[in-house]
Every structure is written in structure tokens, then in C-alpha cells.
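Peer 1: Below you will find the structure I want to go over with you.
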Amino acid sequence: QVQLVESGGGLVQAGGSLRLSCAASGSIFSIATMAWYRQAAGKQRELVAQTTSAGTTTYADSAKGRLTISRDNAKNTVYLQMNSLKPEDTDIYHCNCNALVGLGFARRDYWGQGTQVTVSS
């Protein structure tokens, strides 16, 4: 099994910054992608940003230019630097990874519990 633990959420004023971190631990053989999703109450999770093990990144249009995803493969950790935050960025942010726990096992997605980001106007 793989466990994901997020940290770094909180309350910030519009225009401010936060840095989210997510560390994966457990019986990890390899991790393909690591990503951040956001979810509002009663809505589906939506992708914010994703990075591959090679460093290729993908961003939601709303994140481009303000949010930056990065990854430390040696630490199995992914970060989300959030700058110029807006009230509409307020949500619960969930960490995700697509991991393999060993040969003979199928890759699957794992999720963290989420961290609240609140941006006040």
C-alpha cells in the first residue's frame, strides 16, 4: 500500500502564496505520475497540475502562470507552489500518485486526505 500525506494548506489573503507538499510512503516500487487535484463540496475532483517521473508537467488553464508543480523523486514528494492566489482558488486540494507496489502488481492511483486552501478577498 501507498500512503500520501499532504501539508501546507491554510488561510491566506488574495495575492498571497502557499506551498503544498505531499510525501508518498509505503511499499513503493515506482511512481509514474504525481499530481494535485482540487475538489469543492458536492463536485467532482478536477486536475490542477500533474508531473511525470521525467518532469513533464501539465496544468489546468486556471493554474497556468500562477501555480508550479515540482517533484523530488528521491523523496517521493511532490510540491505545489501557489502564487497570486485568488478567492476562487479556495478548495480542498488532494495529492494523487499513480504507483506500482511491486512486480506482478497493477499500477493504481492513490489519494491523500486533502488539505484545505482558503483565500480571503
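Peer 1: Of the options 60, 35, 101, report the single residue whose Cα projects farthest towards the positive end of the charge dipole of the range 15-121 (beta-carbon charges: Lys, Arg +1; Asp, Glu -1).
Peer 2: 101
Peer 1: Can you list the HN-Hα couplings for the range 25-37, worked out from phi with the Karplus curve (6.51, -1.76, 1.60; θ = phi - 60°), rounded to whole Hz and with x for Gly and Pro?
Peer 2: For the range 25-37, the Karplus-derived couplings read 9, x, 7, 9, 8, 7, 10, 7, 9, 10, 8, 10, 10 Hz, x marking Gly and Pro.
Peer 1: Also: Only Cα pairs under 8 Å and at least 6 apart count here; give the relative contact order of the range 1-88 as a rounded whole percent.
Peer 2: The normalised contact order for the range 1-88 reaches 32 percent.
Peer 1: Calculate the translational D of the range 40-121 in whole µm² s⁻¹ from Stokes-Einstein, where the hydrodynamic radius comes from the Kirkwood formula applied to all Cα pairs, the temperature is 10 °C and the viscosity 1.306 mPa s.
Peer 2: 111 µm²/s
Peer 1: Additional query: About the Cα centre, and with charges only on the beta carbon of Lys, Arg (+1) and Asp, Glu (-1), how big is the dipole of the chain? Nearest 20 debye, please.
Peer 2: 140 debye
Peer 1: Counting other C-beta atoms within 10 Å, and keeping those with at most 11, which DSSP coil trypsin sites (Lys or Arg not before Pro) do you find in the range 1-84?
Peer 2: 43, 64
Peer 1: Next up: Kindly provide log₁₀ I(q)/I(0) values, in the same order as q = 0.28, 0.29, 0.30 Å⁻¹, from the Debye equation applied to equal alpha-carbon scatterers of the range 27-75.
Peer 2: Once normalised to I(0) and log-transformed, intensities are -1.06, -1.10, -1.13.
Peer 1: For the chain, which whole percent of the accessible surface, found with a 1.4 angstrom probe, sits on carbon and sulfur atoms?
Peer 2: 48 percent
Peer 1: Something else now. Given a 1.4 angstrom probe, what's the average accessible area per residue across the range 66-121, in square angstrom?
Peer 2: Here the residues of the range 66-121 average 49 Å² of exposed surface.
Peer 1: Mind checking which lysines have their Cα closer than 23 Å to the Cα of residue 64? Skip sequence neighbours fewer than 8 apart in that chain.
Peer 2: Of all the lysines, those that pass the test against residue 64 - Cα under 23 Å, at least 8 places apart if same chain - are 43, 86.
Peer 1: Run the lone-cysteine check on the chain: no other Cys C-beta under 4.7 Å from the residue's C-beta.
Peer 2: Cys with no partner Cβ under 4.7 Å: 97.
Peer 1: Tell me, which longest segment in the chain has none of the chymotrypsin sites (Phe, Trp or Tyr not before Pro) that fall in DSSP loops with at most 13 further Cβ atoms within 10 Å?
Peer 2: 30-104
The values are calculated or read from the model by the stated rules, or taken from the named source; none is laboratory data. Here the structure is a predicted model, which is why all the values come from computation and not from measurement. All Cβ positions, glycine included, derive from the backbone under ideal geometry; neighbour counts span all protein chains shown. Each accessible area value is taken on the protein alone, full model and side chains, heavy atoms only, with ligands, DNA and RNA left out. Shrake-Rupley method; radii C 1.70, N 1.55, O 1.52, S 1.80 Å.
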